Amino acid sequence: MTQPGVPAIRNYLATLPYQASPNCAANTFYAINNFFPGYHPDGHPANPAAFPATKDQGDFFFIPPQNVPTIGDALIARNVPWVYYGGGFNDAVAGKPNAFCPICNPMQYAASIYGNSTLIKAHTKDIVDFFADVANDRLPSVSFVKPSGLVDGHPQSSKLDLFEALLDNIVDQVRAKPELFAETAIIVTWDESGGFYDSGFIQPVDFFGDGPRVPLLVISPFSRGGNVVHTYYDHVSVTKFIERNWKLKPLSPRSRDNLPNPIADEDDNRYVPRNMPAIGDLMEMFHFGDRDDRGNRDHDGRDRDG
């Protein structure tokens, strides 16, 4: 709270024409870079004393097991089946050379899930298991698919065409199951903008702000292709979509999934919500007819540009 730069950001937020809670609590540590999770893929806790000489084996730069609630906890409480499918997970658990991304699995940070071997087995699998579950009609209600570092399109270790090939395979396999695809939404997004300048509006939602836009695609029978949706979204929008679809409450009183859905100004800039801070729940990406299955009026009844 008293570190250099903190007062300047809080003072800036206070000048905004709307109330943006700083969400920066005293005596609280906030990670602003990649830290390894408190658990290894097989579930054993990280050990800061494992490599005291070199301190370069991952166990030194780690975040202890956390008790922050996750979307996985919320789904479990609602008895909604879900699995995180990570490329290279099986090899990582077996101690073989792998390209599994431990910092990409949010559940490895959570004591509630990775502190329980039964929950690890039930909710963390390899991406090869994803294709097997699709083929054998065992896909859970919610699936998180994270490619390995070799095919995730990240410029450090992969190429975009490799990620595109994997995505094509996922879509093809799901569409090959007509009954499955009929009730499926495949949401595709990236973790970062790649460093490109973004001339679009970036919303100061709290102390940590927001970032440049990244691509997001929805592939579903309920999504009209070839359209651009102008609603202000964030990676939290995926969480909000899951919460709305399965009638879950926000994860915590302070999390961004508490923010309202944006109210757009159709006559000015549709990217700038009139009720900031606000983040959408992706429902504008879909068309369910006159009313959706939650009794709400359809959000997709207007024409779009793009």
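What follows is calculated from the coordinates using simple rules that are stated; it is not laboratory data. Note that the coordinates shown come from a computational prediction; the quantities given were computed from them, not determined experimentally. Reconstructed Cβ throughout: ideal geometry from the backbone, glycine too, with neighbour counts over all protein chains shown.
Is segment 98-143 best put as rounded, prolate or oblate by its Cα gyration tensor, with a ≥ b ≥ c the root eigenvalues, rounded for a/c under 1.5, and otherwise prolate when a/b is larger than b/c, oblate when not? Oblate, since a/c reaches 1.5 and b/c is not below a/b. Would you compute the Debye intensity of segment 64-181 from its alpha-carbon atoms alone, equal scatterers and no solvent, and pass along log10 I(q)/I(0) at q = 0.12, 0.13, 0.24 Å⁻¹ to two decimals? The calculated log intensity ratios at q = 0.12, 0.13, 0.24 Å⁻¹ are -0.46, -0.54, -1.40.
Rounded to the nearest Hz, the phi-derived 3J(HN,Hα) couplings of segment 141-153 under the Karplus curve 6.51 cos²θ - 1.76 cosθ + 1.60 (θ = phi - 60°) are 4, 10, 10, 9, 10, 10, x, 5, x, 7, 10, 8, x, where x marks glycine and proline.
Its Kirkwood hydrodynamic radius, worked out from the mean inverse distance over all distinct Cα pairs, puts segment 144-286 at 16.8 Å.
Peptide packing: for 179-187, 65-73, 279-287, the average count of neighbouring Cβ atoms within 10 Å per residue gives the ranking 279-287, 65-73, 179-187, highest mean first. If you check each cysteine of the chain for another cysteine whose beta-carbon is under 4.7 Å away, which ones come up empty? Lone cysteines by the Cβ rule: 24.
Each residue, residue 164 and residue 258, gets one label point 7 Å from its Cα in the Cβ direction; the gap between the two is 4.2 nm.
For the residue pairs 146/240; 159/249; 96/240; 96/177, the alpha carbons lie more than 27 Å apart in 159/249; 96/240; 96/177.
Rounded to the nearest 0.05, the FRET efficiency derived from the C-beta distance between residue 66 and residue 274 at R0 = 41 Å is 0.70. Highest average first, the peptides 139-145, 91-97 ordered by how many other beta carbon atoms sit within 10 Å of their residues are 139-145, 91-97. Taking only the Cα atoms of the chain, the radius of gyration and Dmax are 20.4, 64 Å.
Extending 7 Å from the Cα toward the beta-carbon at both residue 32 and residue 18 defines two label points whose distance is 2.5 nm.
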